[in-house]
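Structure, as C-alpha coordinates:
The values are calculated or read from the model by the stated rules, or taken from the named source; none is laboratory data. Source: prediction; values computed, not measured. Cβ atoms come from the backbone with ideal geometry, glycine included; neighbour counts cover every protein chain shown. Accessible surface areas use protein heavy atoms only, side chains included; no ligands, DNA or RNA. Shrake-Rupley method; radii C 1.70, N 1.55, O 1.52, S 1.80 Å.
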Amino acid sequence: MSLSELLARNADEPAASPPTAIGGARARLSLLLCAAGAVIGLIVAGYGLFTAQGTRLAGVPAEDAAVVNGVPILRSDLIQQLSALYGVQLSRSTPAQRRKVLDDLIREELYVQRGVEMGLPNDEIEVRQALVLAAEAQVAQDAMTARPSEPELRNWYATHRSRYASEGMMTLHEWIVPPGADARAVAANLRRGMAPQAQELSSSGRVDDGTEFYFAARAHLGGAAFAVAATLADGAVSEPVSGPGGMRVLQMVKNVRPVVIPFAEARDKVLQDFLADKVARLQTGNERFLQKRADIRVAADLQ
(Lines give C-alpha, C1' and ligand atoms only; values in the text may rest on other atoms or scores of the structure.)
Protein backbone atom coordinates (compact mmCIF):
# COMPACT_ATOMS: atom_id res chain seq x y z
CA MET A 1 0.00 0.00 0.00
CA SER A 2 1.38 3.38 -1.03
CA LEU A 3 1.73 6.33 1.31
CA SER A 4 -1.04 8.28 -0.43
CA GLU A 5 -3.42 5.34 -0.11
CA LEU A 6 -2.58 4.98 3.61
CA LEU A 7 -3.26 8.67 4.26
CA ALA A 8 -6.53 8.49 2.40
CA ARG A 9 -7.57 5.43 4.39
CA ASN A 10 -6.81 7.15 7.72
CA ALA A 11 -8.77 10.20 6.65
CA ASP A 12 -11.83 8.03 5.97
CA GLU A 13 -11.68 6.36 9.44
CA PRO A 14 -13.90 7.91 12.20
CA ALA A 15 -12.28 9.85 15.05
CA ALA A 16 -11.70 8.07 18.38
CA SER A 17 -14.72 8.03 20.58
CA PRO A 18 -14.68 10.12 23.78
CA PRO A 19 -14.36 7.03 26.08
CA THR A 20 -11.28 5.91 24.13
CA ALA A 21 -9.68 9.37 24.47
CA ILE A 22 -10.44 9.48 28.20
CA GLY A 23 -8.92 6.05 28.69
CA GLY A 24 -5.75 7.15 26.93
CA ALA A 25 -5.49 10.24 29.13
CA ARG A 26 -5.90 8.13 32.26
CA ALA A 27 -3.18 5.78 31.09
CA ARG A 28 -0.79 8.65 30.47
CA LEU A 29 -1.62 10.14 33.91
CA SER A 30 -0.93 6.78 35.57
CA LEU A 31 2.44 6.55 33.84
CA LEU A 32 3.32 10.09 34.94
CA LEU A 33 2.37 9.35 38.56
CA CYS A 34 4.43 6.13 38.55
CA ALA A 35 7.43 8.00 37.15
CA ALA A 36 7.05 10.78 39.73
CA GLY A 37 6.81 8.23 42.53
CA ALA A 38 9.96 6.50 41.32
CA VAL A 39 11.87 9.80 41.20
CA ILE A 40 10.71 10.77 44.71
CA GLY A 41 11.73 7.33 46.00
CA LEU A 42 15.20 7.70 44.51
CA ILE A 43 15.58 11.17 46.05
CA VAL A 44 14.54 9.91 49.51
CA ALA A 45 16.85 6.90 49.22
CA GLY A 46 19.74 9.08 48.13
CA TYR A 47 19.17 11.52 51.00
CA GLY A 48 19.08 8.65 53.47
CA LEU A 49 22.25 7.18 52.00
CA PHE A 50 24.27 10.38 52.35
CA THR A 51 22.89 11.57 55.69
CA ALA A 52 22.39 8.33 57.62
CA GLN A 53 24.27 8.10 60.89
CA GLY A 54 26.60 5.25 61.65
CA THR A 55 24.62 2.19 62.62
CA ARG A 56 25.22 0.27 65.82
CA LEU A 57 23.83 -3.18 65.40
CA ALA A 58 24.36 -6.59 66.92
CA GLY A 59 25.33 -9.59 64.86
CA VAL A 60 29.12 -9.26 64.74
CA PRO A 61 31.30 -12.39 64.63
CA ALA A 62 31.82 -14.11 67.97
CA GLU A 63 35.55 -13.37 68.02
CA ASP A 64 35.00 -9.64 67.54
CA ALA A 65 33.93 -6.98 70.00
CA ALA A 66 32.82 -4.60 67.26
CA VAL A 67 33.14 -3.93 63.54
CA VAL A 68 33.98 -0.44 62.26
CA ASN A 69 33.36 0.10 58.55
CA GLY A 70 33.98 -3.59 57.98
CA VAL A 71 37.20 -3.67 60.05
CA PRO A 72 36.93 -5.94 63.13
CA ILE A 73 37.96 -4.94 66.63
CA LEU A 74 39.04 -8.22 68.21
CA ARG A 75 37.56 -9.31 71.51
CA SER A 76 41.07 -10.35 72.56
CA ASP A 77 42.20 -6.72 72.19
CA LEU A 78 39.32 -5.63 74.43
CA ILE A 79 40.30 -8.20 77.06
CA GLN A 80 43.94 -7.14 76.91
CA GLN A 81 43.05 -3.45 77.31
CA LEU A 82 40.71 -4.18 80.24
CA SER A 83 43.52 -6.03 81.99
CA ALA A 84 46.07 -3.30 81.28
CA LEU A 85 43.82 -0.38 82.28
CA TYR A 86 41.76 -1.81 85.15
CA GLY A 87 43.51 -5.07 86.04
CA VAL A 88 40.29 -7.08 85.61
CA GLN A 89 39.09 -9.89 83.38
CA LEU A 90 36.20 -9.43 80.98
CA SER A 91 33.83 -11.42 83.20
CA ARG A 92 34.65 -9.25 86.23
CA SER A 93 34.61 -5.89 84.47
CA THR A 94 31.76 -3.41 84.90
CA PRO A 95 29.64 -2.19 81.97
CA ALA A 96 31.21 1.26 82.35
CA GLN A 97 34.73 -0.20 82.15
CA ARG A 98 33.87 -2.26 79.06
CA ARG A 99 32.20 0.71 77.40
CA LYS A 100 35.17 2.99 78.12
CA VAL A 101 37.72 0.55 76.66
CA LEU A 102 35.55 -0.29 73.66
CA ASP A 103 34.93 3.40 72.94
CA ASP A 104 38.69 3.99 73.02
CA LEU A 105 39.30 1.09 70.61
CA ILE A 106 36.58 2.33 68.25
CA ARG A 107 37.98 5.85 68.42
CA GLU A 108 41.46 4.56 67.59
CA GLU A 109 40.15 2.62 64.59
CA LEU A 110 38.24 5.64 63.32
CA TYR A 111 41.39 7.75 63.51
CA VAL A 112 43.44 5.04 61.80
CA GLN A 113 40.93 4.90 58.96
CA ARG A 114 41.01 8.68 58.78
CA GLY A 115 44.79 8.51 58.49
CA VAL A 116 44.50 5.98 55.67
CA GLU A 117 42.19 8.40 53.87
CA MET A 118 45.04 10.86 54.12
CA GLY A 119 47.26 8.38 52.27
CA LEU A 120 49.26 6.92 55.16
CA PRO A 121 49.97 3.16 55.60
CA ASN A 122 48.71 1.21 58.60
CA ASP A 123 50.39 -2.17 58.53
CA GLU A 124 52.21 -2.01 61.89
CA ILE A 125 51.18 -1.24 65.45
CA GLU A 126 53.68 1.62 65.65
CA VAL A 127 52.34 3.02 62.40
CA ARG A 128 48.75 2.74 63.66
CA GLN A 129 49.68 4.71 66.76
CA ALA A 130 51.39 7.29 64.58
CA LEU A 131 48.23 7.53 62.45
CA VAL A 132 46.13 8.32 65.50
CA LEU A 133 48.60 10.97 66.61
CA ALA A 134 48.77 12.41 63.10
CA ALA A 135 44.98 12.69 62.84
CA GLU A 136 44.82 14.32 66.28
CA ALA A 137 47.67 16.66 65.37
CA GLN A 138 45.82 17.76 62.25
CA VAL A 139 42.86 18.85 64.38
CA ALA A 140 45.20 20.59 66.83
CA GLN A 141 46.93 22.40 63.98
CA ASP A 142 43.58 23.67 62.74
CA ALA A 143 42.85 24.97 66.24
CA MET A 144 46.21 26.72 66.52
CA THR A 145 46.01 28.43 63.14
CA ALA A 146 43.73 31.26 64.24
CA ARG A 147 45.16 33.08 67.24
CA PRO A 148 42.59 34.40 69.72
CA SER A 149 42.04 38.12 70.07
CA GLU A 150 42.75 40.00 73.26
CA PRO A 151 39.02 40.38 74.10
CA GLU A 152 38.56 36.62 73.66
CA LEU A 153 41.38 35.92 76.10
CA ARG A 154 40.04 38.41 78.62
CA ASN A 155 36.58 36.89 78.38
CA TRP A 156 38.06 33.42 78.95
CA TYR A 157 39.97 34.75 81.97
CA ALA A 158 36.82 36.34 83.40
CA THR A 159 34.71 33.18 83.02
CA HIS A 160 37.44 30.88 84.41
CA ARG A 161 38.85 33.19 87.07
CA SER A 162 39.18 30.43 89.68
CA ARG A 163 41.84 28.75 87.52
CA TYR A 164 44.08 31.76 87.89
CA ALA A 165 44.27 32.12 91.63
CA SER A 166 46.64 30.98 94.33
CA GLU A 167 45.64 27.84 96.20
CA GLY A 168 43.81 28.62 99.43
CA MET A 169 44.74 27.07 102.77
CA MET A 170 42.79 26.54 105.97
CA THR A 171 43.27 25.29 109.50
CA LEU A 172 40.06 24.25 111.27
CA HIS A 173 38.32 21.81 113.60
CA GLU A 174 35.24 19.75 112.92
CA TRP A 175 33.45 18.95 116.19
CA ILE A 176 30.91 16.13 116.54
CA VAL A 177 27.81 17.20 118.47
CA PRO A 178 26.99 14.60 121.17
CA PRO A 179 23.71 12.72 120.74
CA GLY A 180 20.83 14.59 122.37
CA ALA A 181 22.72 17.88 122.60
CA ASP A 182 21.35 21.08 121.06
CA ALA A 183 23.64 21.68 118.06
CA ARG A 184 22.79 25.38 117.84
CA ALA A 185 23.55 25.86 121.53
CA VAL A 186 26.86 24.07 121.06
CA ALA A 187 27.79 26.45 118.23
CA ALA A 188 26.73 29.49 120.29
CA ASN A 189 28.82 28.32 123.25
CA LEU A 190 31.88 27.91 121.04
CA ARG A 191 31.42 31.45 119.77
CA ARG A 192 31.36 32.71 123.37
CA GLY A 193 34.68 31.00 124.02
CA MET A 194 33.55 27.86 125.83
CA ALA A 195 36.09 25.08 125.46
CA PRO A 196 35.08 22.09 123.31
CA GLN A 197 35.92 19.70 126.14
CA ALA A 198 33.45 21.49 128.41
CA GLN A 199 30.70 20.49 125.98
CA GLU A 200 32.06 16.96 125.54
CA LEU A 201 32.84 17.62 121.88
CA SER A 202 35.13 15.26 120.01
CA SER A 203 36.91 15.81 116.70
CA SER A 204 35.71 14.03 113.61
CA GLY A 205 39.35 13.34 112.72
CA ARG A 206 38.82 14.45 109.14
CA VAL A 207 40.84 17.67 109.34
CA ASP A 208 43.27 17.00 112.17
CA ASP A 209 46.43 17.22 110.05
CA GLY A 210 46.91 20.93 110.61
CA THR A 211 46.94 23.43 107.76
CA GLU A 212 45.53 21.99 104.53
CA PHE A 213 45.23 23.25 101.00
CA TYR A 214 41.68 23.88 99.89
CA PHE A 215 41.65 20.85 97.60
CA ALA A 216 42.71 18.57 100.51
CA ALA A 217 40.14 20.07 102.87
CA ARG A 218 37.47 19.60 100.20
CA ALA A 219 38.45 15.95 99.78
CA HIS A 220 38.37 15.34 103.56
CA LEU A 221 35.20 17.25 104.42
CA GLY A 222 33.12 16.64 101.32
CA GLY A 223 31.64 19.30 99.08
CA ALA A 224 28.83 20.50 101.35
CA ALA A 225 30.88 20.92 104.54
CA PHE A 226 33.80 22.47 102.65
CA ALA A 227 31.49 25.04 101.06
CA VAL A 228 30.50 26.14 104.57
CA ALA A 229 34.10 26.15 105.81
CA ALA A 230 35.33 28.27 102.89
CA THR A 231 33.03 31.13 103.98
CA LEU A 232 34.32 31.24 107.57
CA ALA A 233 36.65 33.97 108.73
CA ASP A 234 39.48 33.36 111.20
CA GLY A 235 38.04 32.23 114.56
CA ALA A 236 34.47 31.90 113.23
CA VAL A 237 32.13 29.03 114.11
CA SER A 238 29.63 27.66 111.63
CA GLU A 239 26.00 26.82 112.09
CA PRO A 240 25.45 23.06 112.60
CA VAL A 241 25.94 20.97 109.46
CA SER A 242 24.90 17.42 108.82
CA GLY A 243 27.68 14.85 108.56
CA PRO A 244 28.32 11.13 108.83
CA GLY A 245 26.77 9.89 112.06
CA GLY A 246 25.12 13.15 113.10
CA MET A 247 25.51 16.91 113.37
CA ARG A 248 28.87 18.71 113.18
CA VAL A 249 30.11 22.21 113.96
CA LEU A 250 33.06 23.72 112.07
CA GLN A 251 35.44 26.03 113.93
CA MET A 252 37.89 27.94 111.74
CA VAL A 253 41.36 28.67 113.11
CA LYS A 254 42.84 30.39 110.04
CA ASN A 255 41.46 30.75 106.53
CA VAL A 256 43.87 31.95 103.85
CA ARG A 257 41.60 32.48 100.86
CA PRO A 258 42.81 32.17 97.25
CA VAL A 259 44.15 35.35 95.62
CA VAL A 260 43.29 35.94 91.96
CA ILE A 261 46.32 36.47 89.72
CA PRO A 262 45.99 39.59 87.50
CA PHE A 263 45.33 38.99 83.82
CA ALA A 264 48.67 40.49 82.77
CA GLU A 265 50.55 37.96 84.90
CA ALA A 266 48.34 35.03 83.93
CA ARG A 267 48.10 35.82 80.20
CA ASP A 268 50.44 33.05 79.00
CA LYS A 269 48.54 30.46 81.04
CA VAL A 270 45.22 31.89 79.82
CA LEU A 271 46.36 31.55 76.20
CA GLN A 272 47.53 27.98 76.82
CA ASP A 273 44.23 27.00 78.46
CA PHE A 274 42.17 28.76 75.78
CA LEU A 275 43.91 26.87 72.97
CA ALA A 276 43.78 23.57 74.86
CA ASP A 277 40.04 23.95 75.32
CA LYS A 278 39.62 24.81 71.64
CA VAL A 279 41.59 21.73 70.60
CA ALA A 280 39.51 19.54 72.93
CA ARG A 281 36.26 20.89 71.50
CA LEU A 282 37.46 20.36 67.92
CA GLN A 283 38.63 16.85 68.78
CA THR A 284 35.20 16.06 70.22
CA GLY A 285 33.47 17.44 67.14
CA ASN A 286 35.80 15.52 64.84
CA GLU A 287 35.12 12.27 66.70
CA ARG A 288 31.36 12.86 66.49
CA PHE A 289 31.70 13.43 62.73
CA LEU A 290 33.74 10.25 62.24
CA GLN A 291 31.27 8.21 64.28
CA LYS A 292 28.28 9.72 62.49
CA ARG A 293 29.47 8.74 59.05
CA ALA A 294 30.83 5.33 60.12
CA ASP A 295 29.13 1.95 60.12
CA ILE A 296 29.77 0.73 63.67
CA ARG A 297 28.45 -2.61 64.81
CA VAL A 298 28.86 -3.62 68.45
CA ALA A 299 28.51 -7.14 69.84
CA ALA A 300 25.19 -7.60 71.67
CA ASP A 301 26.81 -8.48 75.02
CA LEU A 302 28.91 -5.30 74.95
CA GLN A 303 26.15 -2.81 74.16
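Could you say which residue among Val259, Val237, Val249 is open to solvent by 60 Å² or more (accessible area, probe 1.4 Å) and of a type outside the set (Asp, Glu)? Walk me through it before giving the result.
Numbers: Val237 fails: open to solvent by 60 Å² or more (accessible area, probe 1.4 Å); Val249 fails: open to solvent by 60 Å² or more (accessible area, probe 1.4 Å).
Within the list Val259, Val237, Val249, the selection yields Val259.
Only one residue in Ala225, Ala233 is touching a strand residue (DSSP E or B) at 6+ places or on another chain (Cβ under 7 Å) and assigned to a helix (DSSP H, G or I), so which one is that?
Working: Ala233 fails: assigned to a helix (DSSP H, G or I).
Exactly one of Ala225, Ala233 is touching a strand residue (DSSP E or B) at 6+ places or on another chain (Cβ under 7 Å) and assigned to a helix (DSSP H, G or I), namely Ala225.
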- Across segment 62-87, which residue is farthest from Ile296 (Cα to Cα) among those that are acidic (Asp, Glu) and crowded, with 16+ Cβ neighbours inside 10 Å? Asp77
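Yes or no: Asn189 outside any strand (DSSP E or B) and either closer than 30 Å to Ala264 by Cα or charged (D, E, K, R) (or both)? Let's see the steps before the verdict.
Numbers: outside any strand (DSSP E or B): yes; either closer than 30 Å to Ala264 by Cα or charged (D, E, K, R) (or both): no.
So Asn189 fails the test.
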- Message: Restricting to segment 262-292, give me the number of residues that are loosely packed, with under 13 Cβ neighbours inside 10 Å and either among the small types (Gly, Ala, Ser) or in contact with a Gly (Cβ under 7 Å, 6 or more places away or on another chain) (or both).
- Response: 4
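For segment 238-250, check the following and say yes or no: at least one residue is of a type in the set (S, T, N, Q) and either over 10 Å from Leu172 (Cα atoms) or not in a loop (DSSP other than H, G, I, E, B) (or both). Let's see the steps before the verdict.
Let us first name the residues in segment 238-250 that are of a type in the set (S, T, N, Q), namely 238, 242.
Now drop any that are not either over 10 Å from Leu172 (Cα atoms) or not in a loop (DSSP other than H, G, I, E, B) (or both), which leaves 238, 242.
Taking every residue of segment 238-250 in turn, at least one turns out to be of a type in the set (S, T, N, Q) and either over 10 Å from Leu172 (Cα atoms) or not in a loop (DSSP other than H, G, I, E, B) (or both).
Does Ala276 count as among the hydrophobic types (A, V, I, L, M, F, W, C) and farther than 29 Å from Arg107 by Cβ? Give the derivation first.
Values: among the hydrophobic types (A, V, I, L, M, F, W, C): yes; farther than 29 Å from Arg107 by Cβ: no.
Spelling it out, it is not the case that Ala276 is among the hydrophobic types (A, V, I, L, M, F, W, C) and farther than 29 Å from Arg107 by Cβ.
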- Message: I'd like to know if segment 175-195 contains one or more residues that are closer than 30 Å to Phe274 by Cα and loosely packed, with under 12 Cβ neighbours inside 10 Å.
- Response: no
